[in-house]
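Read through the structure below, which is laid out as structure tokens, and then see the notes.
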Amino acid sequence: MISNAKLIECAKTYGTPLFIYDGSLMLERYFDLFKFIKNPNLKVHYALKANYNPALLTLLRDAGAGIDAVSPAEVKLALKLGFAPDRIIYTANNMTDAEFDRVMKTGVIINIGSLSRLKKCAKNYPGSRICLRFNPDVCDGDNKMTMTGGDLTKFGILLDAVEEVKKIVKSGDLHVVGLHEHTGSGLQHVESVLQSMRNLMAIATKENFPELEFMDFGGGFKVPYRPDEAKIDYVAMGKEIDALFNDFCKTYGRELIMRFEPGKYLSAECGTLITEVNTIKHNRTRTIAGCNAGFPQLIRPVLYDAYHHIVNLSNPDGALHTYDVCGNICETGDRFAEQRELPEIREYDLLAIGNAGAYCYSMGSVYNLRAMPSEVIVVDDKVVSVHQAQSEDELIDSVLARFAPEVAK
């Protein structure tokens, strides 16, 4: 982990708010998966939507990772960064015909999650190699908004539609080389991972899909957000995954590639958002610590009621007090933490918000016309990449160029 002293040094050098990513920790999490799941045919595809920072993606590329992309732009970015088409899988939902056409031309395999799209593929791209996404009929995740299995989700083809799937595949002479499922993000129960695998394997027979090359079991591996949060025993889980997959391959009749698509697991813990406190306000029942960042930079607490650990870098040993840690956005819900016990916070103290490496910058916006923060990549305690935030003038110029080019002139 990056030391607090290094975080403070970077904040003073590059200003705040500031995202700092520990590239070494991200690579450690990547290689951990191969220690947990000791299957020689394991392939890990990073869910690019979690964090699209090119420097981080380059580290993963060089380590041998693949990419799970969910938009044509994500596919294009991965290709431009040097990921070969066969190391990318495109798993979009509710895609347009134009998007489908663009990705098909790249040679990247498409993961199809609806009968409607499958029919269009059979008609317009007969003979294509495809992957099929099924709904695993298992519901799990750390929030109802991130659960991607079960009756209420928009994702995947129902398992009991397999006969209709086979008819459509045959009509277009399609080659189903992969099957996919994804249960949710922040999976709470190991059994959910295993049951989802079993449910997909139940339809992955030679009779149904004789040309399979891989099985893709999605991502969603849980990471601890709270200091006292119990960690998943991934060593034990990995053994069960490996045994289950080996038994399946024996039944199927040949060895297949096993794919997982972690996003949060690889990058969440590697990221920290540094923000400076500029206001201390004592209301009747609350003490508010106001910061120079807001929910457009880290939206998970507002969107998912998510917990992010906060450290007072400037006064770590101060007496404990209770605070609402609030941002600088014109919204009452702009809080990073509510009624959080922290060492005494003073104006101009630096706060470090943890687990900010996944679904934070990538979900960011310039709401209230505040630019997204700078990003710094640290590897082996050395800064290796800096992406500088837009200045106010640059942000305004970009707005004028989009909406009023005659004014921008």
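Counting Lys +1, Arg +1, Asp -1, Glu -1, what net charge surrounds Asn93 among other residues with beta carbon under 10 Å of its beta carbon?
In short, +3.
For the chain, what does -39500 (n - 2.57) per DSSP helix run (n ≥ 4), summed and divided by total residues, give at 222 nm, in deg cm²/dmol to the nearest 500? Each step should come with its number before you reach the end.
Values: 13 runs with 130 residues, N = 409.
Roughly -9500 deg cm²/dmol at 222 nm, from the helical runs in the chain.
Just reorder Met1, Met237 by solvent-accessible area, largest first, 1.4 Å probe, all chains present. Working shown, then result.
Values: Met1 165, Met237 10 Å².
Order by accessible area, largest first: Met1, Met237.
Arrange the residues Ile377, Ile257 by how much accessible surface each exposes, largest first, with a 1.4 angstrom probe.
Working: Ile377 0, Ile257 60 Å².
Descending accessible area places them as Ile257, Ile377.
Just add up the charged neighbours of Val177: K/R +1, D/E -1, any other residue whose Cβ is under 10 Å from the Cβ of Val177.
Details: positive: Arg129; negative: Glu211, Glu213.
Net charge in that neighbourhood comes out at -1.
At 0.36 nm per residue, minus the direct Cα-Cα distance, what do Phe34 and Thr322 gain on full extension? Give it in nm, one decimal, please.
The span from Phe34 to Thr322 would gain 99.5 nm if fully extended.
Please report, as a whole percent, how much of the solvent-accessible surface of the stretch 325-408 comes from carbon and sulfur atoms (probe radius 1.4 Å). Before the final figure, lay out each step's value.
On the way: 2220 of 4540 Å².
Whole-percent figure for carbon plus sulfur exposure: 49.
Mind giving me the nanometre distance, one decimal, between the label points for Glu9 and Gln390, set 7 Å out from Cα along Cα→Cβ?
3.2 nm
Rounded to the nearest 10 Å², what accessible area does Asp397 show when all protein chains are kept and the probe is 1.4 Å?
The accessible area comes out at roughly 90 Å².
To the nearest 0.05, how large is the calculated FRET efficiency for Lys76 and Glu229 if R₀ is 30 Å and r is the Cβ-Cβ distance? Please list the in-between numbers first.
On the way: r = 37 Å, r/R0 = 1.23.
According to the calculation, E is roughly 0.25.
Could you tell me which label, among (i) 74, 50, 47; (ii) 68, 58, 41; (iii) 102, 59, 47, carries the value of Cα extents along the principal axes in Å calculated for this structure?
(ii)
On the full set of protein chains, 1.4 Å probe, figure out the accessible area of Glu392 and give it in Å² to the nearest 10.
Using a 1.4 Å probe on the heavy atoms, I get roughly 150 Å².
Looking at the chain only, what percent of DSSP beta bridges run antiparallel? Nearest 5 please.
Counting DSSP beta bridges with both partners in the chain, the antiparallel share is about 45 percent.
Around Tyr265, under 11 Å between beta carbons, what's the net of Lys plus Arg minus Asp minus Glu among the other residues?
Values: positive: Arg29, Lys222, Lys264; negative: Asp32, Glu261, Glu269.
Local net charge: 0.
Taking 2.2 N^0.38 Å as the expected size of a compact globular protein, what ratio does the Cα radius of gyration of the stretch 228-325 give against it, to two decimals? Walk me through the numbers before you get to the answer.
Numbers: Rg = 21.9 Å, N = 98, 2.2 N^0.38 = 12.6 Å.
The stretch 228-325 yields a ratio of 1.74.
Full extension from Asp380 to Asp305: what is 0.36 nm times the residue separation minus their Cα-Cα distance, to one decimal in nm?
On the way: separation 75, 0.36 × 75 = 27.00 nm, distance 3.30 nm.
Full extension of this stretch gives 23.7 nm more.
How much accessible surface does Ser3 have with a 1.4 Å probe, in Å² rounded to 10?
Looks like 50 Å² after rounding.
Given the stretch 31-146, what count of lysine pairs have C-alpha atoms under 18 Å apart, with each pair 8 or more places apart or on different chains? Walk me through the intermediate numbers first.
Details: Lys35/Lys43; Lys49/Lys76; Lys49/Lys80; Lys76/Lys105; Lys80/Lys105; Lys105/Lys120; Lys105/Lys123.
Lysine pairs, 8 or more places apart or on different chains, close enough: 7.
Kyte-Doolittle cut-off 0.0, length cut-off 24 Å along the helix's own axis using Cα: show which whole DSSP H helices in the chain pass. Please report the intermediate quantities before stating the final value.
Working: long enough: 234-252 (26 Å, 0.03).
Qualifying helices, which must be both long enough and hydrophobic enough, are 234-252.
List the pair-distance distribution P(r) of the stretch 265-409, using every Cα-Cα distance, as the percent of pairs falling in each 5 Å bin from 0 up to the bin containing the longest distance, rounded to whole percents.
2, 9, 17, 21, 18, 14, 10, 5, 3, 1, 0, 0
Nothing charged except the Cβ atoms of Lys and Arg (+1) and of Asp and Glu (-1): what's the magnitude of the dipole of the stretch 52-113 about its Cα centre? Round to the nearest 20 debye. The partial results should precede the final answer.
Numbers: 6 positive and 7 negative charges, 38 e Å.
Here the size comes out at about 180 debye.
Starting from the residue with the highest accessible area, list Tyr359, Tyr90 in decreasing order, probe 1.4 Å. Don't skip to the end; give the middle numbers.
On the way: Tyr359 45, Tyr90 0 Å².
These residues rank, largest area first, as Tyr359, Tyr90.
Using 0.36 nm times the number of residues separating Val366 and Ser171, minus their current alpha carbon distance, what extension gain do you get? Each step should come with its number before you reach the end.
Values: separation 195, 0.36 × 195 = 70.20 nm, distance 4.71 nm.
Here the segment from Val366 to Ser171 would lengthen by 65.5 nm.
Write down the accessible area per residue of the chain in Å², having rolled a 1.4 Å probe over the full set of protein chains.
Accessible area per residue, the chain: 46 Å².
Placing +1 on the Cβ of each Lys and Arg and -1 on the Cβ of each Asp and Glu in the stretch 74-117, which of Ile112, Phe83, Phe100 has its Cα farthest towards the positive end of the resulting dipole?
Phe83
The values are calculated or read from the model by the stated rules, or taken from the named source; none is laboratory data. For clarity, every value in this text was computed on a predicted model and none was experimentally measured. Quick reminder, even Gly has a Cβ in these numbers, built from the backbone with ideal geometry, and neighbours come from all protein chains shown. Please note that ligands, DNA and RNA were not included when accessible areas were found on the heavy atoms of the full protein model with its side chains. Shrake-Rupley method; radii C 1.70, N 1.55, O 1.52, S 1.80 Å.
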